[in-house]
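Undergrad: The structure's right below; bear with me while I get my questions together.
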Amino acid sequence: MEPTVSFFSGFAPKDLLFLGEAALRTMWISVLSISIGTVLGVIFGWILYEGKWAAALTVAPILDVFRSVPLIIQLVLFYNFAPIVGLNLDPFASGVVILTIYTASLVANVARGGIEAVQPSMRRAARSLGMSYWQDLRHVVLPIGGRAVFPAWVGVALGVMKDSALVSVLGYVELLKASQILITRTQEPFLILTLAGAFYFALSYPISRYAASLERKWAQ
Amino acid sequence: MFDYNFHWRPVMKSLPDLLEAALLTLQVAVLAMILGIIIGLCLALIRLNMRGPLRWIASTWVELARNTPALFQLFFFGFGLGAFGLHLSPYMIVLAGLTFNCAGYLAENFRGGFQAVPDTQIRASRSLGMTAWQAYTRIVIPQVFRIVYHPITNQMVWAVLMSSLGMLVGFRELSGETQFFASRTFRIFEYFAVTAVIYYVIVKLILGASRLLATRLFRY
């Protein structure tokens, strides 16, 4: 670091680049955890639906824990637990693991709701037309149930995107952490926080509006 | 693989402090919820019944609360307001942030609740000689309350979980206290594991109490 006269320096254009990079990191960690978490969550949701009481005694309580403990505690706990069992994970990997499980625990309920939203008579009709169990899941349950819970899933995904800000507690420089660093240097909290907030808003608002309009369209 | 020695003794010794901090967590969450319900109700009514700048403010509040991370909102009340020379105490930061967030989410729930009660009921009660106030408090609100009861319970759980962000703004509630002890003893995993259990118990207690209350309140 070069010696400077003043400890603080103003907000410079290159700081925008710094924020932009951090925003990309926020997107990257969110997209990664949401996509893996959704796949896992759908599988868990199917297990919850088909497993009946066996799943209710095993999978459900475990998923419930991830919904009942603050994400920030989960992150710190996992980040400090991994070395104990000999895993050396960087903040990004730890963040992805926990965000993925967290997403999966939320999506599991959504997915189960989706399967339950398909009328049993419809599924029996599909089976009696000669479809196999998996064909029934793929061609009947997925389109109908998926449509029923798509808005709920969008809500979960956006929630995880916003919660990814918490990975900053492990030292991963995503958008909010980056703005915190800039605030410390430039002493211009209002401007920088507004920029960071505007980014989240610009990402989340159109998607939630789109999901809401889809919901209205499908409800008709 | 397992050459880590767990030391639970320091955690057990500071357990009374942690439980006291848990009460602080509950206190902030409950206060934020009470304020959030009042403000959220106002926001919902404004968005449903008014035009002009007040409606615009209410909509902006709701959309900002729902589309930006809770941590961002806390930071905003933390250092963002500092730009205007307004310095809140950590307690006030968390309370203001949680209230802002809860009010935004609850407003949407209330709006959905109000829209679920048909207009004809208000007209019917008005034509029976009730004043507008009576129609609202005796006909509409009880029905809305029934609809939003579960969302309010969920929001209460969220408020408790969200209050853990206080750790990042220097508030010594359950998470902040845990971090304080953990960084003093370097028993990070043990401390956060116990805290996770405490959060889990709190959430279960809230859900249990809510269920009990629901059976008392909603007897047909």
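Undergrad: Scan region A:181-198 for residues that are facing chain B (nearest Cβ under 10 Å) and surrounded by fewer than 21 Cβ atoms within 10 Å (Cβ to Cβ) and jot them down. Steps first, answer last, please.
TA: First pass over region A:181-198, keeping only residues facing chain B (nearest Cβ under 10 Å): A:183-184, A:187-194, A:196-198.
Within region A:181-198, A:THR184, A:GLN187, A:GLU188, A:PHE190, A:LEU191, A:THR194, A:ALA198 qualify.
Undergrad: Suppose we keep only residues that are in contact (Cβ under 8 Å) with a residue 40 or more places away in the chain and polar (S, T, N, Q) within region B:134-174. Which one would you say is surrounded by the most Cβ atoms within 10 Å (Cβ to Cβ)?
TA: Within region B:134-174, the match that is surrounded by the most Cβ atoms within 10 Å (Cβ to Cβ) is B:SER163.
Undergrad: Quick check on this structure: which one of B:ALA103, B:ALA135, B:ALA96 is more than 14 Å from chain A (Cβ to nearest Cβ), of a type outside the set (Ser, Thr, Tyr) and under 13 Å from B:LEU45 (Cβ atoms)? Lay out the reasoning, then the answer.
TA: Numbers: B:ALA135 fails: under 13 Å from B:LEU45 (Cβ atoms); B:ALA96 fails: under 13 Å from B:LEU45 (Cβ atoms).
From the options B:ALA103, B:ALA135, B:ALA96, the qualifying one is B:ALA103.
Undergrad: Name the residue, out of B:ARG47, B:ARG51, that is under 29 Å from B:GLY112 (Cβ atoms) and part of a loop (DSSP other than H, G, I, E, B).
TA: Result: B:ARG51 is the single residue among B:ARG47, B:ARG51 that is under 29 Å from B:GLY112 (Cβ atoms) and part of a loop (DSSP other than H, G, I, E, B).
Undergrad: Okay, next question. B:SER183 versus (1) surrounded by fewer than 20 Cβ atoms within 10 Å (Cβ to Cβ); (2) closer than 30 Å to B:LEU217 by Cβ: which is the lone unmet condition?
TA: (2)
Undergrad: Which is more than 10 Å from every other protein chain (Cβ to nearest Cβ), under 27 Å from B:THR195 (Cβ atoms) and in a helix (DSSP H, G or I), of A:THR100, A:THR38?
TA: After ruling out the rest, the residue left standing is A:THR100.
Undergrad: Do we have any residue at all in region B:179-189 that's of a type in the set (Ser, Thr, Tyr), assigned to a helix (DSSP H, G or I), farther than 26 Å from B:PHE100 by Cα and more than 9 Å from chain A (Cβ to nearest Cβ)?
TA: Looking only at region B:179-189, we keep the residues that are of a type in the set (Ser, Thr, Tyr), and these are B:183, B:185.
Restricting the remaining residues to those that are assigned to a helix (DSSP H, G or I) gives B:183, B:185.
When the remaining residues are screened for being farther than 26 Å from B:PHE100 by Cα, the result is B:183, B:185.
If we keep only those that are more than 9 Å from chain A (Cβ to nearest Cβ) as well, we get B:183, B:185.
Yes: region B:179-189 contains one or more residues that are of a type in the set (Ser, Thr, Tyr), assigned to a helix (DSSP H, G or I), farther than 26 Å from B:PHE100 by Cα and more than 9 Å from chain A (Cβ to nearest Cβ).
Undergrad: Working only within region A:7-53, note down all residues that are touching a residue at least 60 places away in the same chain (Cβ under 8 Å), among the polar types (S, T, N, Q) and loosely packed, with under 14 Cβ neighbours inside 10 Å.
TA: A:SER9
Undergrad: Among the residues of region A:150-171, write down those that are under 16 Å from the mean Cα position of the chain (by Cα) and more than 11 Å from chain B (Cβ to nearest Cβ). Give the derivation first.
TA: Step one: filter region A:150-171 for residues under 16 Å from the mean Cα position of the chain (by Cα), giving A:150-168.
Hits for region A:150-171 are A:PHE150, A:PRO151, A:ALA152, A:TRP153, A:VAL154, A:VAL156, A:ALA157.
Undergrad: Limited to region B:153-165, what total is found for residues that are among the small types (Gly, Ala, Ser) and facing chain A (nearest Cβ under 10 Å)?
TA: Counting residues in region B:153-165 that are among the small types (Gly, Ala, Ser) and facing chain A (nearest Cβ under 10 Å) gives 2.
Undergrad: Is there any pair with a first residue in region B:42-56 that is without any contact (Cβ under 8 Å) to a residue 40 or more places away in the chain and a second that is among the β-branched types (Val, Ile, Thr) and crowded, with 16+ Cβ neighbours inside 10 Å whose Cβ atoms are under 7 Å apart and which are 6 or more apart or on different chains, and what are they?
TA: B:LEU54/B:ILE46; B:ARG55/B:ILE46
Undergrad: Scan region A:202-213 and give yes if some residue there is touching a residue at least 24 places away in the same chain (Cβ under 8 Å), more than 9 Å from chain B (Cβ to nearest Cβ) and on the phi > 0 side of the Ramachandran plot, otherwise no.
TA: Within region A:202-213, not a single residue is touching a residue at least 24 places away in the same chain (Cβ under 8 Å), more than 9 Å from chain B (Cβ to nearest Cβ) and on the phi > 0 side of the Ramachandran plot.
Undergrad: Take A:ALA60 and decide whether it is within 14 Å of chain B (Cβ to nearest Cβ) and not basic (Lys, Arg).
TA: Judged against the criteria, A:ALA60 is a match.
Undergrad: Working only within region B:194-210, note down all residues that are under 21 Å from A:ASP163 (Cβ atoms) and facing chain A (nearest Cβ under 8 Å).
TA: B:THR195, B:ALA196, B:TYR199, B:TYR200, B:VAL203, listed by residue number.
Undergrad: Still on this structure, I have one more. Given A:PHE92, A:PHE44, A:PHE66, A:PHE81, which one is in contact with a helix residue (DSSP H, G or I) (Cβ under 6 Å, 6 or more places away or on another chain), farther than 28 Å from B:THR153 by Cα and among the hydrophobic types (A, V, I, L, M, F, W, C)?
TA: Going through A:PHE92, A:PHE44, A:PHE66, A:PHE81 in turn, just one is in contact with a helix residue (DSSP H, G or I) (Cβ under 6 Å, 6 or more places away or on another chain), farther than 28 Å from B:THR153 by Cα and among the hydrophobic types (A, V, I, L, M, F, W, C): A:PHE81.
Undergrad: Further, regarding this structure: Step by step: first the residues of region A:70-84, then only those that are facing another protein chain (nearest Cβ under 7 Å) and modelled with pLDDT of 90 or more, then the one that is farthest from A:GLY171 (Cα to Cα). Which residue is that?
TA: Among them, the one singled out is A:PRO70.
Undergrad: Based on this model, can you work out whether A:ILE36 counts as aliphatic (A, V, I, L, M) and closer than 15 Å to A:ASN109 by Cα?
TA: no
Undergrad: Would you pick out the residues in region A:173-220 that are over 23 Å from the mean Cα position of the chain (by Cα) and not in a helix (DSSP H, G or I)?
TA: A:GLN187, A:GLU188, A:GLN220
Undergrad: How many residues does region B:34-84 contain that are polar (S, T, N, Q) and more than 10 Å from chain A (Cβ to nearest Cβ)?
TA: 3
The values are calculated or read from the model by the stated rules, or taken from the named source; none is laboratory data. These figures come from a predicted structure and were not determined experimentally. Note that we place each Cβ from the backbone using ideal geometry, even for glycine, and neighbour counts take in every protein chain shown.
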